[in-house]
Amino acid sequence: MFAKSQSVYVGGAFPTIDHSGDLTNKLGYGLYYFAAFPLINLNNPDLNKDASFLIFYSEQSLSYKLINNLSLTGSYVYQRANAVYENYVNENRLYIQAKYQSNFKSINIVNRLRFDARFIQNRITNQTPFTHRARYLLGLDFPITSKKNNLYLSLYEELFFKTTAKAKPIYEENWAYAAIGIKLNDKNKIETGLLHIT
C-alpha cells in the first residue's frame, strides 16, 4: 500500500516565554512556555481554515553544572496539540539532556543532546503508550554591530530521531530557526524570527 502526502506551508505566530535562573552556583532552573498559532495557508492564502490554536507547551526543568561549559538537565513537559478543539491530544514527557556551550571569538556555540521519554494519549484506544526519541541541536548566536551593541543574530538546527526498535523512518523531523534579537540588559532579551519545521 502506498500513501501520498503533500507539504503544507503555514504562517503564524509562536509566542514564547523562556526564563532561567540560578538556585546555587551549580544548580539552575528553567521555565519554557509557548503556543503555536498557524494563521494562514501559504500555499493558498485564500484558505483561512488553517487558522487555529495548534499547540500549548509547558516545560519546567532543573539543571546541574558539571563544569563551566557542560550541564545536565532533567525536565517535565506537558504538551497539548489541537489545544482548544475536540480532537486534542495530550502528551506528558520527561527528558534528560547534556548541553555544552563554547565560544569562538564573539560566537556563542551550543551543542545539545536530548532524550525524550514520551507518553502520548491515543484517544481512540484510550491508551497512552510509551515512545522515545533522541534530538540533537546545534545553535549559534553572535552580535550584530549596532550603536548600543545590543543586537544579535541567533541560529539553530535541531534534528529529531525515533529510537523505538521498529521505527521507520528513524529520522523524524528537522527544526531550523533564525532570529534577530535585542538584549535589554544582562538578563533579558527579546527576539523575533522564523522557525521552519520539516
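The values are calculated or read from the model by the stated rules, or taken from the named source; none is laboratory data. None of the values given here were measured: they were computed from a predicted structure. No Cβ is skipped: glycine too gets one built from the backbone with ideal geometry, and neighbour counts run over all protein chains shown.
Within the stretch 1-33, being at pLDDT 95 or above and within 20 Å of I197 (Cβ to Cβ) holds for Y32, Y33.
For the stretch 142-189, the set of residues classified as exposed (fewer than 10 other Cβ atoms within 10 Å of the Cβ) and β-branched (V, I, T) consists of T145 only.
With respect to being of a type in the set (K, R), loosely packed, with under 14 Cβ neighbours inside 10 Å and closer than 29 Å to L184 by Cα, K99 falls outside the description.
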